[in-house]
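Participant: First the structure, then my questions, so here it is.
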Amino acid sequence: MADKGTQVKMEEIAGGAGQPITVLRFVGDITSTSQAAVLGTYQGLPDTAKQILIDFSKVEYLNSSGIALVIQMMIAASKKGQTIQSFGLTPHFMKVFTMVGITRYTKLHVDEASAVAAFPG
Amino acid sequence: MEPMHSSIELSLPSRLGFEKIAMNTAASVGRIMGFPDDRIEDLKTAIAEACINAIEHGNKLDERLCVSVTLAMTSDSLEVRVLDTGTGPKFPVEVPDIDKKMHEEQRTRGMGMFLIQALVDEAEWVSTPSSGSYARLVIRLPKAQELQVK
């Protein structure tokens, strides 16, 4: 049985004040095998990317190894002074992310509109 | 009325991804037993983490070895045992500290056992030197929902 794998689409949208927001839309599974998709994609972002929005709405399966990769991305973003907002997690994974403390460093929004609105203009 | 006792056994190859079989089987059992959706999601994640630990650490990703998963149902609880050939985890269970992780003072991985303990009603790890070790997870039905067989 093959791991479903992680697909990621990157796009740029405009925030409330017209500032550019880089969106990373993950699809499929986020597990220990997702390093290239998660960290590789993040590391390929231009240095001008200051506001990053993570879309989890099409993620079907997440485990603790995948969550570790998300944290590694947050560490790298923190070092660069980038702001991360997230949306689209199921209520269960919002609970799991809260349990491990991720909510201290990024807010988990229920939808894209509220996540976009949370970025400073 | 007779108390209900049934069990299901799975034998999974030690390959990442196969934990989904145990997750989905447990979810089906949980639904049959009447667990609410949120508890089923808790159980799925806990079982995934236990199976991944068994596959990666217990059986060292050796696909010649199997992870045995047993689901045992009673009238008020579901017990899951995940058995591998290893010697069991090192204790104590590491509590994730996000501040330390963000400052690279704690590794980002290693949250599996913490999540297992947080998501089920009972969790223990048992080592039996001659036959390996197992994780035992239990979730209990709320009192009003205990199953009865007429």
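Participant: Quickly work out the A:Ser57-to-A:Thr98 label distance, labels modelled 7 Å from Cα along the C-beta direction, and quote it in nm with one decimal.
Facilitator: With each label point 7 Å from Cα toward Cβ, the separation is 2.1 nm.
Participant: Next up: Work out, step by step, the length gained on full extension between A:Gln7 and A:Lys80: first 0.36 nm times the residue separation, then minus their alpha carbon distance; give nm to one decimal.
Facilitator: 23.8 nm
Participant: Something else: Note down the accessible area of B:Cys66, probe 1.4 Å, to the nearest 10 Å².
Facilitator: 70
Participant: Using Cα pairs closer than 8 Å and at least 6 residues apart in sequence, work out the relative contact order for chain A, in percent.
Facilitator: Details: 201 pairs, mean separation 30.8, N = 121.
It comes to 25 percent, rounded to a whole number.
Participant: Also, quick follow-up: Long-range amide H contacts for B:Val67: which residues qualify at under 5 Å (H placed 1.01 Å from N, peptide plane, sequence gap of 5 or more or a different chain)?
Facilitator: B:Leu12, B:Ser14
Participant: Give me the residues in the range A:1-41 whose solvent-accessible area, probe 1.4 Å, is reduced by at least 50 Å² once all protein chains are included instead of the chain isolated.
Facilitator: The answer is A:Met1 - residues whose exposure falls by at least 50 Å² when every protein chain is included.
Participant: Quick check: the angle from helix A:64-79's long axis to the longest principal axis of chain A, C-alpha only, nearest 10 degrees?
Facilitator: Approximately 30 degrees, to the nearest 10.
Participant: So what is the relative contact order of chain B, in percent, for Cα pairs below 8 Å that sit 6 or more residues apart? Don't jump to the answer; show the numbers that get you there.
Facilitator: Working: 280 pairs, mean separation 43.8, N = 150.
Over chain B, the number comes to 29 percent.
Participant: Starting from 0.36 nm per residue, how many nanometres of slack lie between A:Asp47 and A:Ser114 once their C-alpha separation is accounted for?
Facilitator: On the way: separation 67, 0.36 × 67 = 24.12 nm, distance 2.50 nm.
So the extension gain works out to 21.6 nm.
Participant: Ok, one more. Under the classification rounded if a/c is under 1.5, otherwise prolate if a/b is larger than b/c and oblate if not, where does chain A fall, given a ≥ b ≥ c as square roots of the Cα gyration tensor eigenvalues? Don't skip to the end; give the middle numbers.
Facilitator: Values: a/c = 1.58, a/b = 1.35, b/c = 1.17.
Prolate is the answer for chain A, as a/c is 1.5 or above and a/b outweighs b/c.
Participant: Right, next: Where a ≥ b ≥ c are the square roots of the eigenvalues of the C-alpha gyration tensor, would you call the protein assembly as shown rounded, which needs a/c under 1.5, or, failing that, prolate if a/b is larger than b/c, or oblate? Provide the component values of the computation, followed by the final result.
Facilitator: Details: a/c = 2.30, a/b = 1.73, b/c = 1.33.
Prolate shape, in that a/c is at least 1.5 and a/b is the bigger ratio.
Participant: Binning every alpha carbon pair distance of the range B:30-125 at 10 Å from zero, what are the percents per bin?
Facilitator: Per 10 Å bin, starting at 0, the Cα pair percentages come out as 14, 41, 31, 12, 1.
Participant: Can I ask one more? Within a 10 angstrom radius of each residue's Cβ in A:89-100, how many Cβ atoms of other chains show up on average? Whole number is fine.
Facilitator: Numbers: counts 0, 1, 3, 8, 2, 0, 6, 7, 1, 0, 6, 10.
Across A:89-100, the average partner-chain Cβ count within 10 Å equals 4.
The values are calculated or read from the model by the stated rules, or taken from the named source; none is laboratory data. Quantities reported herein were computed from a predicted structural model and do not represent experimental measurements. Because the Cβ atoms are built from the backbone with ideal geometry, glycine has one as well, and the counts that use them run over all protein chains shown. For accessibility, only protein heavy atoms count, side chains too; no ligands or nucleic acids. Shrake-Rupley method; radii C 1.70, N 1.55, O 1.52, S 1.80 Å.
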